[in-house]
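To start, the structure itself, in structure tokens.
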Amino acid sequence: MTSIKNKKIVLTSRPNGEVKTECWKLVHEEINGDIDPGEFIVKIDSISIDPAMRGWINNVESYIPPVQINETMRALGLAVVVDSKHEKFNKGDLLSGMFGVQEYCKLNSDYAIEKIDNTAENINTSIFLSALGMPGMTAYFGLTDVARIKANDTVLISGAAGAVGSIAGQIAKIKGCTVIGIAGGEDKCRYLIEEAGFDDAIDYKSNIDLNEAIAKSCPKGIDVFFDNVGGPTLDAAIKHINHKARITVCGAISQYNAAGLSIHAEIDYIPILFNSARLEGFVVLDYYHRYSEGVKEIVKWMNEGQIKSKEDIRHGIENFGDYFNLLFNGGNFGKLILKP
């Protein structure tokens, strides 16, 4: 095989606050198309754009090493094998893995790369980055294992129209809970009620008092708060928790772009104490070895029509920087996916 022309996004500087477009650079390169035994080349079909990526570009200790300067931006994606001398993968296989924000990738390791069975008719492959991917697994294990939801719980979800929140709410409904979502804008709130089956939705962009809105939508209090946002939203929810409530910290997207001391890190823990409640964070990678369990359940629910998955698909790898910021200004609607 001759050389392959590749385009990729590299990190050029670390942001302080909002991620500016100058933090990224579009690089053109050529990949040697000759492969040795154990190597394989993939063409990236879809790239997952996730809030967690904001933490990966900070030079701080985390659950995963930071992306280095001038390194290809890390990203989970779907890719098709175009050539292979690897014993596990054949030409034409669809794979899921950390392929990065680029068009092609040459690899010599199968670490954390999974072959995907996409032979079912009329299947949308992007679903393997949403309901059947990391967002779906985050929702499933965050609710079943961390929050330990049970029938008749009142469940409040922030970032409810996002990739994780919308799936989490539908799972909670399946489990017999009353579900209220917090989202930004009339369209997103309408989707939560009319399409995703939530019992109520709070539009935080409608100039409401969030504390009063939660009290109105959750008159019996909150048994489970599944938080993707953090900051003042977390503060408001804590005021309404019930005895033995479970607060599951899945994300804190309102804080990821905070610079220095401007980060909102203080919470009123007194309601947690007085209600014998539990606040627990989690990282979905801790459940990687159990992903098949979550996929099996969600596939069943999707086949039964109990779960719908919404994807927001964008195009053009050169536009990655603009699309990335949609996560933090509410510009996306559903799981944000980039088609190179």
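When only DSSP loop residues count, what chymotrypsin sites (Phe, Trp or Tyr not before Pro) in segment 175-264 have their Cβ near at most 13 other Cβ atoms within 10 Å? For chymotrypsin sites (Phe, Trp or Tyr not before Pro) across segment 175-264 that sit outside H, G, I, E and B with at most 13 neighbouring Cβ atoms in 10 Å, the list is empty.
Highest average first, the peptides 127-136, 103-112, 233-242 ordered by how many other beta carbon atoms sit within 10 Å of their residues are 127-136, 233-242, 103-112.
Computed from Cα positions, the angle between helix 163-174 and the longest principal axis of the chain comes to roughly 50 degrees. Going by alpha carbons, how many degrees (0 to 90, nearest 10) lie between the helix axis of 291-303 and the longest principal axis of the chain? On a 0 to 90 degree scale, this one is about 70. Highest mean packing first, where packing is the average number of other Cβ atoms within 10 Å per residue, the peptides 150-163, 318-331 line up as 150-163, 318-331.
For segment 269-311, GluC sites (Glu not before Pro) meeting the loop criterion (DSSP other than H, G, I, E, B) and having at most 13 other Cβ atoms within 10 Å: 304. Pairs of C-alpha atoms in segment 134-286 farther apart than 24 Å represent 24 percent of all such pairs. Normalised by the number of residues in the chain, the average gap of Cα pairs under 8 Å and 6 or more apart makes the relative contact order 17 percent. Spatial offset of segment 82-103 relative to segment 264-340 amounts to 25 Å, using the alpha carbon center of each. Which GluC sites (Glu not before Pro) from segment 171-267 combine a DSSP loop assignment with at most 13 other Cβ atoms within 10 Å? Sparse-neighbourhood loop GluC sites (Glu not before Pro): 195, 266. Of the listed pairs 310/335; 20/106; 216/239; 220/244; 150/244; 25/335, which have alpha-carbon separations greater than 18 Å here? With Cα atoms farther than 18 Å apart: 20/106; 25/335. With everything on Cα atoms, drop me the angle between helix 320-329 and the longest principal axis of the chain, reported from 0 to 90° to the nearest 10. Result, in degrees: 10.
Rule-based calculations on the coordinates, nothing more; no lab input. Just so we're clear, the structure is a prediction, and the values are computed from it rather than from any experiment. So basically every Cβ, Gly included, is an ideal-geometry build from the backbone, and we count neighbours across all protein chains shown.
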